[in-house]
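*Asks:* Below is one structure. I have some questions about it.
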Amino acid sequence: MRIAFDATTFELTKGGTTVYLYNLLKNLKSIDPSNEYLSYGAKLFKQNSSLQKKINTIYRETAWRQYSISRRARNDGINILHFPNHYSTIYTRIPTVVTFHDIYILKNSDAFPIGQVMYSKFLIPMVLDKCTKIITVSNFTKNEILHSFEIPFDKIDVIHNGVGESFEVIKDEELLEMIRRKYNMPQKFILYVGAIEPRKNVDKLIDAMQLVRKEREIDLVIVSHGGWKNEFLLNRIKQNNSFIHFLGFVEDSDLPLIYNLADLFIYPSSYEGFGLPILEALACGVQVVASDIEVFKEIIGTDGIFCNPFEIQKFSEIILNTLEKTNKDDIITNATTIQKKFSWEKCAMKTLEFYNSILT
């Protein structure tokens, strides 16, 4: 079986969709090397020589995607063409799989550039209609699509994301302290990992932290690759640099260590299609406080503590109470369960079964 993947919209960034494509391809090749996997696109594998040797990457400019990917896939004798986000070609007779991580751009148009919104509103309905099958990363996203479009229920399969093997409980104190010094992190801190943009509610987290600090001396560490519509918030972070440590982008190998150093992980987002950072935190043995949205309850259930980030006083009380009562040993014991339940290997195995079902 020859399977091709569209990577034309990706660079080596920290976006969740890029993490998805990278780990899916890596594990598919390990599970079933008899298949041939091709990647059409950008620089996703250019700097990873070990994976590049396994994946035949054919570089194409994004502007050519709708025409060149379809033509190239036909010429390459591709059996299945997989698009890891909704920017899919609609001009092909080859069986196509499209992964939808969310449809946030249709639900909250104000959060995106107008050109991107208009293009997505035009493209998404056609993609949903013309593609062969759809993967969603959560039941939440599947239900949103079913409620928003007339799509057959059995056209969509839910395959959860995985958490990387490097996200684990680390007990090497010397290594942990080295990372603490490298990023100049405090002894006690609450961690946020994610974009800085309106739906993430980092401003509400800062509000709650200001109340928390009246009762307890603890700082906030933010790991973020950026975002949009965030100028005011970035200025606010700078104004509160006495207790907010903004690390920006960190190396992949350092992130699990940073999780391990945290006293608590908070993810107050108003909307997500999955929420990978909360699994990364739990896999590293860190308690999670997350916003009380449907998808988080689906993914972590009773493993997390939920809050309404817009109720600042109550939000701060939940943080204080969690810091006081969390049993670290229980969280560490549960970390292995999280890794087994949500692994990229399991994601790849289910995806491979999904491909086979299309061709049989």
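*Asks:* Can you find, among Ile135, Ile179, Phe149, the residue farthest towards the positive end of the dipole of segment 133-193? Put +1 on the C-beta of Lys and Arg, -1 on that of Asp and Glu.
*Replies:* Positive-most Cα among the choices belongs to Ile179.
*Asks:* Also, quick follow-up: Length gain on complete extension for the stretch Glu345 to Lys121, per 0.36 nm per residue less the alpha carbon to alpha carbon distance?
*Replies:* 77.3 nm
*Asks:* Amide H of Thr136: which non-local residues (sequence gap of 5 or more, or other chain) have their own amide H closer than 5 Å, using H built in the peptide plane?
*Replies:* Here Phe100, Asp157, Val158, Ile159 satisfy the definition.
*Asks:* Given a Förster distance of 51 angstrom, what is the FRET efficiency for Glu217 paired with Phe153, based on the Cβ-Cβ distance and rounded to 0.05?
*Replies:* For Glu217 and Phe153, the calculated efficiency is 0.45.
*Asks:* Taking the 0 to 90 degree range and rounding to the nearest ten, how far is the long axis of helix 202-212 tilted relative to the main principal axis of the chain, both from C-alpha atoms?
*Replies:* With rounding to tens, the tilt is 20 degrees.
*Asks:* Could you go through segment 159-166 in sequence order and give the Karplus-derived ³J(HN,Hα) for each residue, using 6.51 cos²θ - 1.76 cosθ + 1.60 with θ = phi - 60°, rounded to whole Hz, and x for Gly and Pro?
*Replies:* Per residue, the Karplus-derived 3J(HN,Hα) values read 10, 5, 5, x, 10, x, 4, 6 Hz.
*Asks:* Dipole of the chain (Lys/Arg Cβ +1, Asp/Glu Cβ -1, origin at the Cα centre): which of Leu255, Val295, Val97 lies farthest to the positive side?
*Replies:* Positive-end residue among those listed: Val97.
*Asks:* Which FRET efficiency, nearest 0.05, do Ile332 and Glu174 yield, Cβ-Cβ r, R0 25 Å?
*Replies:* The value I calculate is 0.85.
*Asks:* Quick check: pseudo-label points 7 Å beyond the Cα along Cα→Cβ at Thr360 and Glu231, how many nm apart are they?
*Replies:* 5.6 nm
*Asks:* Here is a further query. Here are a few candidate values for log10 I(q)/I(0) by the Debye sum over Cα atoms at q = 0.07, 0.10, 0.13 Å⁻¹: (1) -0.52, -0.79, -1.08; (2) -0.31, -0.65, -1.07; (3) -0.40, -0.72, -0.98. Which one was actually calculated from the structure I just gave you?
*Replies:* Checking each listed value against the structure points to (2).
*Asks:* Then there is this: What dipole magnitude, in Debye to the nearest 20, does segment 173-341 give about its Cα centre under +1 on Lys/Arg Cβ and -1 on Asp/Glu Cβ?
*Replies:* Dipole of segment 173-341, to the nearest 20 debye: 320 debye.
*Asks:* Which whole-Hz couplings ³J(HN,Hα) result when phi for each residue of segment 97-108 is put into the Karplus expression 6.51 cos²θ - 1.76 cosθ + 1.60, θ = phi - 60°, listed in order with x for Gly and Pro?
*Replies:* So the J values, rounded to whole Hz, are 10, 10, 8, 9, 8, 5, 10, 4, 4, 8, 8, 9.
*Asks:* Quick query: amide H of Phe246 versus all other amide H atoms, modeled in the peptide plane; which residues come in under 5 Å with a sequence gap of 5 or more or a different chain?
*Replies:* Ile222
*Asks:* In terms of modelled amide H atoms, which long-range or inter-chain residues lie less than 5 Å from the amide H of Cys307?
*Replies:* Here the answer is Ala290, Ser291, Asp292, since their amide H atoms fall under 5 Å of that of Cys307.
*Asks:* Please enumerate, by chain and number, the aspartates and glutamates with C-alpha under 13 Å from the C-alpha of Lys238, excluding those fewer than 8 residues away in the same chain.
*Replies:* Candidates past the 8-residue exclusion: Asp203.
*Asks:* If you don't mind, another one. Counting only helical runs of four or more DSSP H residues, what would the 222 nm mean residue ellipticity of the chain come to if each run contributes -39,500 (n - 2.57) and the total is spread over all its residues? Please list the in-between numbers first.
*Replies:* Details: 15 runs with 153 residues, N = 360.
It comes out at -12500 deg cm²/dmol, rounded to the nearest 500.
*Asks:* Please rank Thr17, Thr302, Thr337, Thr96, fewest neighbouring Cβ atoms within 10 Å first, as an exposure proxy.
*Replies:* The fewest-first ordering by Cβ neighbours comes to Thr302, Thr337, Thr17, Thr96.
*Asks:* Of Asn334, Phe246, Tyr267, which is farthest along the charge dipole of segment 173-341 in the positive direction, counting Lys and Arg as +1 and Asp and Glu as -1 at C-beta?
*Replies:* Comparing the listed Cα positions along the dipole, Phe246 ranks first.
*Asks:* May I ask you to derive the FRET efficiency for Gln239 and Ile31 from their Cβ-Cβ distance with R0 = 41 Å, giving the value to the nearest 0.05? All intermediate terms of the calculation are to be shown ahead of the outcome.
*Replies:* Values: r = 49 Å, r/R0 = 1.20.
Given R0 = 41 Å and the Cβ-Cβ separation, E is 0.25.
*Asks:* Please give the length that would be gained between Glu353 and Lys325 if that part of the chain were fully extended, namely 0.36 nm times their separation in residues minus their C-alpha to C-alpha distance (nm, one decimal).
*Replies:* 5.8 nm
*Asks:* Alpha carbon centre of segment 282-304 versus segment 129-205: separation in Å?
*Replies:* Rounded to whole Å, the Cα centres lie 10 Å apart.
*Asks:* A follow-up question, please. Using the crude model of +1 on Lys and Arg Cβ and -1 on Asp and Glu Cβ, and no other charge, please compute the dipole size for the chain relative to its Cα centre, in debye to 20.
*Replies:* In debye, rounded to 20, the chain gives about 1200.
*Asks:* Rounded to the nearest 20 debye, what is the charge dipole size of segment 303-360 about its Cα centre when +1 sits on each Lys and Arg Cβ and -1 on each Asp and Glu Cβ? Walk me through the numbers on the way to the answer.
*Replies:* On the way: 7 positive and 8 negative charges, 41 e Å.
Computed about the Cα centre, the dipole is about 200 debye.
*Asks:* Convert each backbone phi in segment 28-35 into a coupling constant with the Karplus relation 6.51 cos²θ - 1.76 cosθ + 1.60 (shift: θ = phi - 60°), then list the ³J(HN,Hα) values in order as whole Hz, x for Gly and Pro.
*Replies:* Values, residue by residue: 4, 5, 6, 6, 9, x, 6, 7 Hz.
Values in this text are rule-based calculations from the coordinates and carry no lab data. All figures in this text were calculated on a predicted structure; none of them were measured in a lab. When we count neighbours, we look across all protein chains shown, and the Cβ atoms used for this are built from the backbone with ideal geometry, even at glycine.
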